[in-house]
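Some notes on the structure that comes next.
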Amino acid sequence: MKLCFDVKECEKEKISVDSALYIASLYLGKLISSNTFQDVCAKGLIEFDGFTLQREPINARLTQSGVDMIETIFLNSEFKLPNSEEDRFDKLAKQMQELFPKGKKPGTSHMWRDSQAMIAKRLKAVVKKYHATFTDEQALEATRKYVESFNGDYQYMQVLRYFISKRNNITGEETSQFLSYIENAGQEEVANDSWRDSVR
């Protein structure tokens, strides 16, 4: 079964999004319960700061794995591309990977290049979320300029997946150095550590 969900429809029906998702779980015969919470915790999809006296999680939020998981489900459910476009993102992902260093970023568990499938998914996600349009040449030039801007000192450089898009798990704000470099192509680059977002 394929379901479409528009948060604006919740507003029209005067029901909160969380309530709508709860009754959707009942509609599908999949009750949200303590077992649900334990399952997503065990899979490393959420994190939180402790429990209230009522055993409710405090400040529950998605981990990056949780973000990746739900984005994959949403994108694969809704965002279908012609085979030629699917092939385009796969090929572009591989070309972008070649512009990044090999191996793991020092001091982190992140690989500089990640997997081709993950990079292709990130590219599709920014196209869908921001209705972004760019040529392969623009994407590769933006990636090349970004890497070159660090002059071989990659301490503060984002890994490729986060260069394309990165979500702050606390605020929910998402940034994309990739789109920023594309939109500001040709402008003089000034090194400024204040905008560099290190991967922790």
If you scan the stretch 133-168, which residues turn out to be over 16 Å from Glu98 (Cβ atoms) and either touching a Leu at 6+ places or on another chain (Cβ under 6 Å) or β-branched (Val, Ile, Thr) (or both)?
-> Thr133, Thr135
Considering Asn35, Asn59, which residue is in a loop (DSSP other than H, G, I, E, B), out of contact with any Lys or Arg (no Cβ under 6 Å at 6 or more places or on another chain) and either aromatic (Phe, Trp, Tyr) or loosely packed, with under 12 Cβ neighbours inside 10 Å (or both)?
-> Asn59
In the list Gly29, Gly50, Gly44, which residue meets the criterion of being loosely packed, with under 14 Cβ neighbours inside 10 Å, free of Cβ contacts under 8 Å to residues at least 24 places away in the same chain and in contact with a helix residue (DSSP H, G or I) (Cβ under 8 Å, 6 or more places away or on another chain)?
-> Gly44
Hits in the stretch 166-200 (condition: out of contact with any strand residue (DSSP E or B) (no Cβ under 6 Å at 6 or more places or on another chain), closer than 19 Å to Ser65 by Cβ and modelled with pLDDT of 85 or more) | Glu173
Those residues of the stretch 101-119 which are in contact with a strand residue (DSSP E or B) (Cβ under 6 Å, 6 or more places away or on another chain) and either of a type in the set (Ser, Thr, Tyr) or buried (at least 17 other Cβ atoms within 10 Å of the Cβ) (or both), in sequence order | Met111
Report, by residue number, each residue of the stretch 108-132 that is touching a residue at least 12 places away in the same chain (Cβ under 8 Å), within 12 Å of Gln97 (Cβ to Cβ) and among the polar types (S, T, N, Q).
-> Gln116
Sole exception among (1) assigned to a loop (DSSP other than H, G, I, E, B); (2) over 27 Å from Thr63 (Cβ atoms); (3) modelled with pLDDT of 95 or more for Arg113, by number | (2)
Is there a residue in the stretch 57-65 that is in contact with a strand residue (DSSP E or B) (Cβ under 8 Å, 6 or more places away or on another chain) and of a type in the set (D, E, K, R)?
-> yes
Asp49 in a helix (DSSP H, G or I), of a type in the set (Asp, Glu) and at negative phi = no
Residues of the stretch 146-185 satisfying the condition of being part of a loop (DSSP other than H, G, I, E, B), more than 14 Å from the chain's Cα centre (by Cα) and buried (at least 20 other Cβ atoms within 10 Å of the Cβ) = Met157
Out of curiosity, is Arg122 part of a helix (DSSP H, G or I), surrounded by 15 or more Cβ atoms within 10 Å (Cβ to Cβ) and either at pLDDT 90 or above or out of contact with any helix residue (DSSP H, G or I) (no Cβ under 6 Å at 6 or more places or on another chain) (or both)?
-> yes
For Ala42, are the conditions met, namely being touching a Cys at 6+ places or on another chain (Cβ under 9 Å) and not β-branched (Val, Ile, Thr)?
-> no
Ala20 vs. criteria part of a helix (DSSP H, G or I), in contact with a helix residue (DSSP H, G or I) (Cβ under 7 Å, 6 or more places away or on another chain) and over 21 Å from Ser165 (Cβ atoms) = yes
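The values are calculated or read from the model by the stated rules, or taken from the named source; none is laboratory data. On a predicted model such as this, the values are computed, not experimentally measured, just so you know. Please note: Cβ atoms are built from the backbone with ideal geometry, for glycine as well, and neighbour counts cover all protein chains shown.
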